[in-house]
Every structure is written in structure tokens, then in C-alpha cells.
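All remarks here apply to the structure that follows.
The values are calculated or read from the model by the stated rules, or taken from the named source; none is laboratory data. Small disclaimer: the values here were computed from a predicted structure and weren't measured. Here the Cβ positions follow ideal geometry from the backbone for every residue, glycine too, while neighbour counts run over all protein chains shown.
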Amino acid sequence: MLLEQLGRAAAERAANALTRCRSVAHTACEPHQAISRDGQGTSNSLLSFCSNDYLGLANHPAVVEAFVEGARRYGAGSGASHLVCGHSLAHHQLEAKLAMWQAPYIPDVRALYFCTGYMANLAVLSALGTSDATLFCDKLNHASLIDGALLARAEVRRYPHRDTGALNRQLSASNSPLKLIVTDGVFSMDGDIAPLAELLVLAELHDAWIVVDDAHGFGVLGEQGRGLLAHLGLKSKRFIYVGTLGKAAGVAGAFVAAHTAIVEHLVNVARPYIYTTAAPPAVAHALLTSLTLIGGDEGRQRRRQVAELIALLRGGLEILQARHPKAGWRMINSATPIQPLVVGDNAAALTLSQALAADGIRVTAIRPPTVPDGTARLRITFSAEHTRADVARLLNSLQILAANRESA
Ligand SMILES: *Cc1c(COP(=O)(O)O)cnc(C)c1O
């Protein structure tokens, strides 16, 4: 019964070009990575534009060395949850540093480290989203925020993407005693940025709080890579900031930075924080080095390199679109390392991704439900380890495919 049901669901996925599969990486996360289909036989080196390792720190020698040193000092595993006996000096130092980084933007701030961003979002929304609360969520929020809202007992309202007018009407109509605005900082599949200054005005007007998930902004945006609050120069006790550490920071985990009373509450009641084994202390130890790099000259240079690659790609794609309007590809107005090329149809996006792969280039096709129906896309992302020649190669390959598509 179950197996037949699952078989029908799989057939339906296949018919809609929605089947998902994994490829196997044989080497570290870098622009040129050896990949195989099944982990057996030979692997091919592909030029990849799909990781979230924006600063190229995932295989940075100093971060890797710190990871090794952390393992030597603290061992491989933490042994227990943070509240039992898994909380190490490395976790503690990391939280202190992260709190210091957000202190200019959030008064009385304290930071709390989580194993993953997914869990941080579940923790914040389930712990604060009590039955008398209302969550006001941007429609394009990341899946982890959507799942956090499902776990919460709060009422959930969704507003159209970045539509502060609609949000204002929803807030005005609500008499909920606890209002939480919930938004991605940099939207994960579009690369555009939440209108946080306007959201803060609304939050003050309606006495609401703002949960901002800056998974793609932390490390990339703002002074010293401190993220979206730094980038926009905003300061408020109303911010509940979530940053993740497996993307630009190159390692793993996440943190919540918020007023100390909020963090203290999470430590005491957030089940995704309490009922899970603490991440290996070596991870936190490696992150201390990663933060030093992000905040220093090297981070600045890496952010500059990424900005140059973005400009190069966007310039090239604009020329390509002008030459081949009938290819039907659309860019999104994004200034971040997430540069989607919207194709529309699921099968067309998949075919384009496969054609690039045949040319030695890897760009993942992103399909519903990760993005809305009819907006399947290639999600092109950059790392500071990419070169201008890498981008030129991608553009060249896309140029040939656009010409073929038009003549087909
Ligand atoms: C990746 C991502 C997360 C989840 O973070 P992990 O540390 O990978 O679990 C949360 N929110 C957004 C917007 C993300 O892109």
C-alpha cells in the first residue's frame, strides 16, 4: 500500500521534471570540484557555481588548520546537549565574539550558537510564537522559517514578497499582543534584500519584533561582513537576528543574536536548542578563525573579489539577453552573490542545467516547491575563489546554449 503510493508519487514527480537527486563530491568545496553520479568509478572535475561558500573559506588552510587544532584540543564530539555537559569553551568564545559583532546594532545583545540554521529558525519561532502571538511572514521566506511557523502555536499571516504596504494593513488589522515580523535578510533563491529599514518603521509603529534570517548576508554584507544590520546601519532592540555559519563563514552552524532576555528564554524553552547534542567544539573553534578572516583584510579582499565577479556576470548576462531575447531567460535585480537566471519551465531549467554539465559546468536547477511554480531557475552563486576566467567560461557556455535554443 505505502510502497505503491510512493511509487505513484515518484512517477508524478518524474513526469513534472521534479525528481531530485544528489551528486557525490570527491574533493573539498571549491569552484573546481571532482564529482560523480554515484560515488563509484571515476569522478569528473566540474566548474561549480552552486555552493553558498561565498568567501571561499570552506577549504581555507587557516580554517582547516583551526578545525584540526580544535579536534586535538576538544576531541571529535561534544558528548551531550549544551544544557547537560556539551557546552565547551570554544562554543562560549564563539558566542561572545558573535555578540560583540552585533552589539552596535542590537542593544543588550547576547548570542546563542546552534548546530544549524534550520534549527535556529525552528527554535526562535517555536519559542516566541506562542498561542497569543501572530507571525507576519514574507511569502518567499526560506523553508526553515516556514517550518518554524508550522511548529509555533501562533497565528500565521503571509504578506506578498517585500510588500510593506500589505504588511502594514495586516499589522493594523491585528490585535495580537505579540507581533513578530519574519523575513529572510537576503532572499535565498532570489538574492534580493528585505526592506529592513521600512520593516523597522512598521515594527515601531505597531510595537512588533523582527526576526531576520541573514543566512546569505552574514559574512558578505556590511562593515567587516557583519551582515545586513551593519549594511543598512540599523539599530534596534526589536531585531532578532539569525546568522548562519555554514555559508559565507565556511564551516557549520548558526547563531541567534538578540536582547539578552530573549536569548535567555531560548536557552530555557527552545526545544530545538535543548534536545539535541551540541555541535563538535572543533566546529566552533574553526569558526573563531573564520570570523577573524571575515572581519580582517582578507575578508575585505574576498568581498571585493565577489563584487567584481557579480558585476562581470551581470554585464555579460545583460548582453546575452539583448542578443537572444527569445531564449526567454530573465535576471533578477540582485546585488548579492546569488544571481538567479529564471527560465520558467521545470524541464527547461533542468535541460539547461544538464547542457551546462555536459560542458563541464555545474549550476543547479532550482524547481518548485523551493521556488514558486513557473519560476524554475538556475541559481548561480559565486565564491571569492572563482576567477574572472571562470565567469567568462560560464558566460560563453550560456551564450552558445542561448543561440542553440533560439535556433531550435
Ligand atoms: C541555508 C539557510 C538556512 C538554514 O541554514 P543551515 O545552517 O544550512 O541549516 C536558513 N535560512 C536561510 C535563508 C537559508 O538560506
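In this structure, does Leu150 turn out to be surrounded by fewer than 16 Cβ atoms within 10 Å (Cβ to Cβ) and either touching a residue at least 12 places away in the same chain (Cβ under 8 Å) or under 19 Å from Asp213 (Cβ atoms) (or both)?
Taking the combined requirement at face value, the residue satisfies it.
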Scanning region 85-94 for residues that are closer than 12 Å to Ala278 by Cβ and in contact with a Leu (Cβ under 8 Å, 6 or more places away or on another chain), the one farthest from the ligand (Cβ to nearest atom) turns out to be Ala90
When region 13-36 is checked residue by residue, the ones that are crowded, with 16+ Cβ neighbours inside 10 Å, part of a loop (DSSP other than H, G, I, E, B) and small (Gly, Ala, Ser) are Ala17, Ser23
Mind listing just one residue for me: the one in region 104-126 that is surrounded by fewer than 19 Cβ atoms within 10 Å (Cβ to Cβ) and closer than 20 Å to Ala203 by Cβ and, of those, nearest to the ligand (Cβ to nearest atom)?
Pro104
Name the one entry in Ala365, Ala384 that is among the small types (Gly, Ala, Ser) and within 27 Å of His60 (Cβ to Cβ).
Ala384
Could you please let me know if Gly56 is in a helix (DSSP H, G or I) and of a type outside the set (S, T, N, Q)?
no
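On the basis of being within 22 Å of the chain's Cα centre (by Cα) and either free of Cβ contacts under 8 Å to residues at least 12 places away in the same chain or within 22 Å of Met189 (Cα to Cα) (or both), does Cys85 make the cut?
no
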Only listed residue being in a loop (DSSP other than H, G, I, E, B), buried (at least 22 other Cβ atoms within 10 Å of the Cβ) and of a type outside the set (D, E, K, R), chosen from Ala335, Ala384
Ala384
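Let's see how each residue does on (1) small (Gly, Ala, Ser); (2) within 12 Å of the ligand (Cβ to nearest atom); (3) under 15 Å from Val109 (Cα atoms):
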{"site": "Ser236", "(1), (2), (3)": "yes, no, yes"}
{"site": "Gly246", "(1), (2), (3)": "yes, yes, no"}
{"site": "Ala254", "(1), (2), (3)": "yes, yes, no"}
{"site": "Ala257", "(1), (2), (3)": "yes, no, yes"}
{"site": "His265", "(1), (2), (3)": "no, no, yes"}
{"site": "Ala278", "(1), (2), (3)": "yes, no, no"}
Need pairs with beta-carbon distance below 9 Å; first residue assigned by TED's automatic domain parsing to the domain that holds Lys247 and assigned to a loop (DSSP other than H, G, I, E, B) and within region 107-126, second of a type in the set (A, V, I, L, M) and within 12 Å of the ligand (Cβ to nearest atom); sequence gap 6+ or separate chains.
Cys115/Ala252; Cys115/Ala254; Cys115/Ala279; Cys115/Val283; Thr116/Ala252; Thr116/Ala254; Thr116/Ala279
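Residues that are at negative phi and out of contact with any helix residue (DSSP H, G or I) (no Cβ under 9 Å at 6 or more places or on another chain): find the strands (runs of 3 or more DSSP E) completely inside region 136-243 holding 1 or more of those. Spell out the reasoning first.
Values: elements: 155-159, 178-184, 208-213.
The qualifying strands (runs of 3 or more DSSP E) are 155-159.
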Among Ala311, Ala278, Ala261, Ala322, the single one that is surrounded by 16 or more Cβ atoms within 10 Å (Cβ to Cβ) and at negative phi is Ala278
Identify, from the list Gly86, Gly117, Gly75, the residue that is on the phi > 0 side of the Ramachandran plot, modelled with pLDDT of 95 or more and among the small types (Gly, Ala, Ser).
Gly75
For region 127-134, does any single residue satisfy the condition of being away from the ligand (no atom under 11 Å from the Cβ), closer than 27 Å to Thr277 by Cα and in a loop (DSSP other than H, G, I, E, B)?
yes
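When you scan region 157-173, do you find a residue that is small (Gly, Ala, Ser), surrounded by 18 or more Cβ atoms within 10 Å (Cβ to Cβ) and over 14 Å from Ile240 (Cβ atoms), even just one?
no
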If Pro160 satisfies all but one of (1) closer than 21 Å to Gly225 by Cα; (2) over 18 Å from the mean Cα position of the chain (by Cα), what's the number of the condition it fails?
(1)
Any idea which residue in region 209-226 is surrounded by the fewest Cβ atoms within 10 Å (Cβ to Cβ), counting only those that are within 13 Å of the ligand (Cβ to nearest atom) and without any contact (Cβ under 8 Å) to a residue 60 or more places away in the chain?
Val212
So in region 180-197, with the set limited to residues that are among the aliphatic types (A, V, I, L, M) and surrounded by fewer than 24 Cβ atoms within 10 Å (Cβ to Cβ), which one is farthest from the ligand (Cβ to nearest atom)?
Ala197
